[in-house]
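Here is the structure we will look at, set down as structure tokens.
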Amino acid sequence: MSDKPDQARLNKAKFRAWHRGTREADFMIGGYFDNRHAEWVEQELSWFEALLDEDDVDIMAWALGVQPPPERFTGPMMDALQRLDYVHIHK
């Protein structure tokens, strides 16, 4: 049995990541998904799904280091989000 996430869950997470309501949040959260999801296992997808339930303003504040993230979101996944090396803005 594989620990890889089910494709339907990944598709739903991708849609939610890219349809946040503002372009800035879409680029940050959607870009993070696109850049990282291929290496995720179930636990990491569950972390991301929980993150998607949070307000964009909070997620962006945590990613930019303006506010500390809640304990449940600290760790390697948040560290990767905070690097912002996945944000590519297309004109």
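Please treat every number below as a calculation from the coordinates, not as lab data. Being a predicted model, the structure only gives us computed values, none of them experimental. Because the Cβ atoms are built from the backbone with ideal geometry, glycine has one as well, and the counts that use them run over all protein chains shown.
The helix-based estimate of mean residue ellipticity at 222 nm for the chain, built from -39,500 (n - 2.57) per DSSP H run of four or more residues and divided by its residue count, is -14500 deg cm²/dmol to the nearest 500. Contact order for the chain, expressed relative to its length and based on alpha carbon pairs under 8 Å spaced 6+ residues apart, stands at 32 percent. For the pair residue 64 and residue 39, label points projected 7 Å from Cα toward Cβ lie 2.6 nm apart.
The charge dipole of the chain, taken about its Cα centre with unit charges on the Cβ of Lys, Arg, Asp and Glu (plus for the first two, minus for the last two), comes to roughly 360 debye.
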